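S.K.: Quick one: the structure is below, and I'll ask about it shortly.
The values are calculated or read from the model by the stated rules, or taken from the named source; none is laboratory data. Computed from a prediction, not measured in an experiment: that's the story for all the values here. Don't worry about glycine lacking a Cβ; one is built from the backbone with ideal geometry, like all the others, and counts go over all protein chains shown. Only protein heavy atoms, including side chains, enter the accessible area calculation; ligands, DNA and RNA are left aside. Shrake-Rupley method; radii C 1.70, N 1.55, O 1.52, S 1.80 Å.
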Amino acid sequence: MSKYSFPDDLPADEMEDYLRLYLDETNEQLDSLVEIFLQLEHQSPTPEDLNEAFRLIHSIKGSSALLGLDRITSLTHHLETHFERLRSGKYKINTSTIDVVLRCIDFLRESNRHLQEGEPLGNAGQLLEQVQSLDHNTSVASEPEALSPQGQKAVPLGRANQAALANQAATANQNIKQTPAATHSLAEPKVMFWRIEISLGETSLATQELARNISGKIASLGELVESQPSQTALKTIESPAELVLILKSYAPEAEIIQLIQARGIRTYSVTEISESTAAMLPLSLNETSQHTQNLKAKSENSIAAGLKEELPPPQEAIKTPALAKTVRVDVDRLDVLLNLTGELVVNRARLTQLAENVSPAFHKLGLIAHTTNLLESIKKLTARLTAQYGERVNLELQDLDSQIEVIETQLEGWESSRQSFAEFTTAIDQLTRVSNSLQRGVLNTRMVPVGPLFNRFRRSIRDITQELKKQVNLQIEGEKTELDKRMIDEIGDPLNHLIRNCVDHGIEPSRTRIENNKPEIATVTLAASHRGNNVFITVEDDGGGIDIDRVKQTAVTRGIITQSDADYLTDDETAELIFQPGFSTAKEVSDISGRGVGLDIVRTKIGQLNGTVEVSSKSGIGTKFIIRLPLTLTITRCMLFRLSHGVLAVPIENVREIVSVSGYQRVTANGRQMCDIRGEFLPLLSIEDLFDFHALTGNSDEPAANHESLQDNNHVVILHAANKSLGLRVDGLLGGQDIVVKSLDENFAHIEGLGGASILGDGSVCLLLDAATCIEIAAVGSSNLRDEVAAD
Amino acid sequence: MSITPSPHPKTPHSVHQSSQPNSTSPQFVGFRLANQNYIFRIESIQEIVMPSRVAKIPEVPAYVDGVSNLRGMIIPIINLRSLFSLKRKPYDENTRTIVVNVGTRTIGCTVDSVLRVMRVPAANIQPAPDSVNGTGRRFIAGFTRVDEELFVLLNADQLLEPSNLDQVHQASIQFEKKS
């Protein structure tokens with residue numbers, strides 16, 4: 001981002017913040033735009049749609065102008081002009097419009113990507129021409145009234161038409177803002193000229209930015225006739241003390257005022273002026289200074305008038321909270337927060353553990369009671385002794401008495417700390433509750449609905465179907481299902497691939513569909529649902545299903561399996577083959593899918609997110625891809641195992657079962673240990689077989705001892721990933737726990753077979769096993785061994 | 001790594017005439033490994049901690065003791081003795097972990113003991129003698145003598161850069177063979 005140089009001389013880092021904001025905002029706005037347009041394709045436009053589209057384009061224009069992104073501004077400006085006409089019913093929306101607009105949206109997206117990467121913007125020249133040419137093609141001068149979105153009566157061209165336009169715009173304004181204040185102006189909407197004076201001196205914040213921001217916002221209400229200082233000058237003036245604007249707008253006064261007040265400005269004036277005044281009003285500096293005086297007087301007045309003027313009218317007071325409903329937050333900040341919360345939870349666990357360690361000492365009421373009894377009897381004894389022997393033992397007894405007193409005072413202290421300890425445990429319980437809710441809360445802030453992501457695929461479906469001449473309807477279910485933001489960002493590509501795959505390979509040509517008595521328009525269903533700690537996303541088509549025989553044949557020709565293997569494969573196992581690298585059944589490589597790199601990449605990507613993808617297919621009925629994802633990336637539910645080297649965590653979904661394997665269940669085949677789990681023979685390994693632990697061989701008999709203990713131990717955890725299983729010997733089971741996964745490569749290097757590490761309640765580090773890779777490592781190890789055996 | 005310089009390196013006489021350290025002289029942290037003193041520039045050090053529990057990690061060279069928890073961050077622990085091909089020594093009450101910032105990474109290294117923080121005028125740092133070979137030169141920034149004791153100045157961030165570790169390890173082996 002830093003490579004992008006900004007047209008003005010604001011500090012670069014500040015500009016970067018604005019740019020980031022701009023990118024966030026426009027990306028969302030573009031998403032909404034696409035959604036509207038795809039709707040427009042199927043149904044005739046409602047005025048709300050057009051207004052919304054207009055508003056979105058307008059606000060992109062506004063913010064791009066603020067950042068000096070001229071190419072974007074000019075493109076959006078032309079789009080806006082076109083929309084103004086669509087909105088007024090002068091032009092009709094048609095497919096070519098939608099195409100051009102979608103292409104513009106693509107350009108804007110591309111531009112955003114360029115901005116993000118700090119690359120120069122592309123040239124929009126051709127698009128601009130296309131947009132402009134729309135104005136000529138889509139004119140419907142013959143029947144303007146029929147297309148007027150609000151069904152207004154036919155009016156003669158000229159003034160009346162303009163009035164209709166004004167009416168539209170006013171309605172639009174009302175639709176956009178939904179200001180109660182705007183309603184009164186609806187009756188008689190007309191263009192008005194406003195003279196707006198704003199004193200900026202009182203705000204200590206970046207005045208220049210504020211000035212530009214506010215003039216930009218005001219400009220968005222209508223047309224800025226005049227500006228003092230001028231808009232270009234604003235970029236250079238360090239801190240303009242005041243701003244005078246002449247605005248031509250349909251917006252009511254209240255709206256302008258509200259806009260100004262929303263930016264924390266208290267000294268301003270908004271006056272209506274006639275068109276003639278506006279036209280002949282070059283804002284001379286003299287005049288400006290005079291206005292400054294006025295403003296000053298005004299501001300004094302306002303202070304004198306007390307709070308009355310500073311409080312916004314009650315009407316607006318109702319509205320303001322709506323503005324503060326959402327806050328944009330950098331995902332990285334949330335990551336930091338989540339990590340810290342994870343630490344808090346770990347530290348809390350530590351505290352609980354410590355309290356548990358201390359509690360026996362405090363919980364033994366008996367100790368205090370015993371000591372008190374003992375002291376009592378000693379006191380009685382000394383009293384008797386004093387009475388009996390008098391003077392002779394007096395001195396020693398007195399000494400004893402004073403010692404008893406000291407102990408008694410200490411006992412009291414002991415008792416009160418025992419009571420505090422009871423409170424201490426209560427406090428820890430409280431902390432537990434708070435930290436748990438905090439963790440949940442922070443996790444929730446990262447959760448976003450999958451809806452916007454899913455809706456994006458409507459567009460790709462549209463493109464693919466046009467390209468392939470297939471008719472496909474995308475059905476979306478469960479768009480409110482929430483998923484970690486990071487996950488949403490990562491899952492887009494794999495999903496896109498699966499959807500393309502469904503349309504390209506899954507869905508038959510229309511003719512075949514009709515022959516098979518299927519509806520001509522195929523359906524691809526994209527659904528999300530939440531089950532337990534997982535989110536399931538399914539991509540399902542009602543196409544022909546996976547052609548099992550062809551898959552086998554291809555797998556054999558590609559050398560993925562041998563013919564003899566193929567004969568024994570079940571249908572499910574065969575379907576699995578499509579995830580193998582280098583597999584593609586498409587007869588020819590198409591642009592959409594079929595490069596043979598697809599589905600294995602999908603599986604890898606989803607694997608990186610700790611998820612799984614499976615396929616099920618019914619011939620003639622359809623194919624269904626089921627993606628399972630954990631709710632969040634950073635916290636994983638794990639089983640903990642004790643090994644001679646420390647603690648090992650295995651994600652719970654990779655633990656198939658934990659068994660006790662006794663001697664007779666072990667078999668050695670080809671020099672490799674296998675274990676017999678209910679008739680299924682699985683490789684049996686110890687962690688040393690998987691990893692080289694560089695045993696710190698200070699004394700050489702240590703590893704031998706380790707080996708011995710492993711031999712005696714019967715605990716075997718069956719790891720399971722990608723339909724393969726493996727038995728791993730462990731020394732002991734420590735139970736399940738949620739762990740905060742930390743990467744090893746962040747401070748050091750990636751270690752093949754480990755998914756990261758985590759910190760346990762006692763502050764020690766445990767390693768997280770990456771089961772899928774471990775199973776691969778084991779498989780490679782065994783094939784090496786087989787080769788060696790063969791060589792012998 | 002030429003960690004065992006001859007008892008009377010060629011450095012010298014200048015040391016006696018050299019300037020006295022003052023409050024503007026750069027600061028260094030002195031530490032000890034076997035019978036040799038070393039210094040790191042203080043800027044390259046994040047902190048010095050008592051060694052905490054180290055979890056062994058697999059598939060790494062023997063000079064990596066494992067990973068450790070530094071206030072919620074997982075950092076690798078490099079055993080400097082092992083890295084310099086010296087005989088390992090169990091941790092004792094003097095063992096310290098020096099936490100170093102290497103680029104964006106945070107890496108810990110264990111030393112026999114940390115001596116003190118000292119100021120050494122830049123003029124008193126002698127460049128590495130010719131006997132230090134090319135690879136070694138990248139990691140050894142120079143020598144200095146403080147209170148008649150010889151200190152080897154190491155480039156902490158170069159030394160502990162994960163991609164350099166193997167080179168460092170190799171260099172020290174070569175040197176030992178030569179001497």
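S.K.: Does A:Pro519 qualify as being part of a loop (DSSP other than H, G, I, E, B) and either modelled with pLDDT of 85 or more or more than 30 Å from the chain's Cα centre (by Cα) (or both)?
M.R.: When the stated conditions are applied, A:Pro519 passes them.
S.K.: While we're on this one: If you go through the stretch A:522-558, how many residues are open to solvent by less than 80 Å² (accessible area, probe 1.4 Å) and assigned to a strand (DSSP E or B)?
M.R.: Qualifying residue count, the stretch A:522-558: 16.
S.K.: Also, quick follow-up: Could you grab me the full set of residues in the stretch A:758-771 that are more than 11 Å from chain B (Cβ to nearest Cβ), crowded, with 21+ Cβ neighbours inside 10 Å and touching a helix residue (DSSP H, G or I) at 6+ places or on another chain (Cβ under 7 Å)?
M.R.: A:Ala771
S.K.: Exactly one condition in (1) modelled with pLDDT of 80 or more; (2) facing chain B (nearest Cβ under 9 Å) is false for A:Gly755; which is it?
M.R.: So A:Gly755 meets the others, but not (2).
S.K.: At least 2 residues that are under 17 Å from the mean Cα position of the chain (by Cα) and under 21 Å from A:Leu609 (Cβ atoms) in each: list the helices (runs of 4 or more DSSP H) lying fully within the stretch A:435-515 that qualify.
M.R.: Helices (runs of 4 or more DSSP H) meeting the threshold: A:451-468, A:485-501.
S.K.: Quick check on A:Leu483: is it in contact (Cβ under 8 Å) with a residue 40 or more places away in the chain, within 30 Å of A:Val442 (Cβ to Cβ) and surrounded by 17 or more Cβ atoms within 10 Å (Cβ to Cβ)?
M.R.: yes
S.K.: When the stretch B:73-93 is examined, which residues are found to be hydrophobic (A, V, I, L, M, F, W, C) and within 8 Å of chain A (Cβ to nearest Cβ)?
M.R.: Those that are hydrophobic (A, V, I, L, M, F, W, C) and within 8 Å of chain A (Cβ to nearest Cβ): B:Met73, B:Ile74, B:Ile75.
S.K.: May I pose another question? How many of the residues making up the stretch A:409-419 are open to solvent by less than 80 Å² (accessible area, probe 1.4 Å) and under 16 Å from A:Glu376 (Cβ atoms)?
M.R.: Result for the stretch A:409-419: 2.
S.K.: Determine which member of the set A:Val393, A:Val406, A:Val434 is loosely packed, with under 15 Cβ neighbours inside 10 Å and closer than 29 Å to A:Pro630 by Cβ.
M.R.: A:Val434
S.K.: Here is a follow-up. Is the stretch A:652-662 home to any residue that is in contact with a Lys or Arg (Cβ under 6 Å, 6 or more places away or on another chain), open to solvent by 40 Å² or more (accessible area, probe 1.4 Å) and modelled with pLDDT of 85 or more?
M.R.: The answer is yes; a qualifying residue exists.
S.K.: Step by step: first the residues of the stretch A:348-390, then only those that are within 23 Å of A:Ala427 (Cβ to Cβ) and of a type in the set (Ser, Thr, Tyr), then the one that is most open to solvent (accessible area, probe 1.4 Å). Which residue is that?
M.R.: The extreme case among them is A:Thr352.
S.K.: Give the stretch B:61-72 a look and list any residue that's of a type in the set (A, V, I, L, M) and within 7 Å of another protein chain (Cβ to nearest Cβ), or say none.
M.R.: B:Ala62, B:Val67
S.K.: Among residues belonging to the stretch B:61-95 that are free of Cβ contacts under 8 Å to residues at least 12 places away in the same chain and within 21 Å of A:Val765 (Cβ to Cβ), point out the one that is most open to solvent (accessible area, probe 1.4 Å).
M.R.: B:Arg71
S.K.: Quick check: is even one residue across the stretch B:113-124 within 14 Å of another protein chain (Cβ to nearest Cβ) and touching a Lys or Arg at 6+ places or on another chain (Cβ under 8 Å)?
M.R.: no
S.K.: Do we find that B:Lys56 is open to solvent by 70 Å² or more (accessible area, probe 1.4 Å), within 30 Å of A:Glu688 (Cα to Cα), modelled with pLDDT under 90 and within 14 Å of chain A (Cβ to nearest Cβ) in this structure?
M.R.: No, not satisfied.
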